């Protein structure tokens, strides 16, 4: 039998599954090794905060005068402080304070800054001028001075520290979201939604905010690190977390008096602060690249 040249062998065509937006962002994020390193460090610190009771080998506030300022050893892997307390345990519990302050303070700034920025960018006019001049005044004051002023007025303590740091971060979020809203409010899809009878509230919630989240997410990630650093700064000067609660900045403050005799008292809390800020910055850079549509591959 001859071969039928008219017979066409059909092969199934390959099926390409389209990635979701979240999957595409994650693909670009995981290609950044520095971002993955930052995420790994950040998750370790979050694990310290969530499981401090399991991870910490000792009570962070239990004093032992027989083991004052011992260097790192098998029994105390990071040594002990001036009151015989285990430094590793205090750093682990200190992560809970720092992560709580960082996340909640950024949450306060995110919500308040987004609300003010959307109002300014969408409506403009007198409202925009009044709010933005107030924001400019806040931005003209150094963050540490603004934090000191608010804490001095409200008093020390975890709650007041979070409020102070949150307020000092509001202007950054406000200006970022305002710029995004001003570039979106006159777009065709917004005009179409308005012509269809949509209310301002619906347009803001359904169109404006979702399309402005990318720069806010990046700013929020970076702000977690700066908030942790601000909390440590306040505690270092005695206006933050009240002793004996373990907090990295307060540990630095008490350990500086023994810097030459026992440098490990300040070295390890300082490294913890550096690791938290470094991780947040690496994650922020990675998210910026992953969320930038110009970098799609």
> Taking helices (runs of 4 or more DSSP H) that do not extend beyond segment 194-259, which have at least 3 residues that are closer than 29 Å to residue 41 by Cβ?
Replying inline: 213-236, 248-255
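Kindly evaluate residue 111 against the criterion of being farther than 28 Å from residue 244 by Cα, in contact (Cβ under 8 Å) with a residue 40 or more places away in the chain, within 22 Å of the chain's Cα centre (by Cα) and in a helix (DSSP H, G or I). Walk me through it before giving the result.
Values: farther than 28 Å from residue 244 by Cα: yes; in contact (Cβ under 8 Å) with a residue 40 or more places away in the chain: no; within 22 Å of the chain's Cα centre (by Cα): yes; in a helix (DSSP H, G or I): yes.
For residue 111, the condition - farther than 28 Å from residue 244 by Cα, in contact (Cβ under 8 Å) with a residue 40 or more places away in the chain, within 22 Å of the chain's Cα centre (by Cα) and in a helix (DSSP H, G or I) - is not met.
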>> Kindly evaluate residue 57 against the criterion of being in contact with a strand residue (DSSP E or B) (Cβ under 7 Å, 6 or more places away or on another chain), outside any helix (DSSP H, G or I), surrounded by fewer than 13 Cβ atoms within 10 Å (Cβ to Cβ) and modelled with pLDDT under 95.
In response: yes
> Mind checking which residues of segment 236-252 are crowded, with 19+ Cβ neighbours inside 10 Å and either within 17 Å of residue 83 (Cβ to Cβ) or at pLDDT 95 or above (or both)?
Replying inline: 241, 246, 247, 248, 250, 251, 252
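The values are calculated or read from the model by the stated rules, or taken from the named source; none is laboratory data. Just so it is clear, the structure is predicted and the values come from calculations on it, not from any experiment. Cβ: placed from backbone, ideal geometry, glycine included. Neighbour counts: every protein chain shown.
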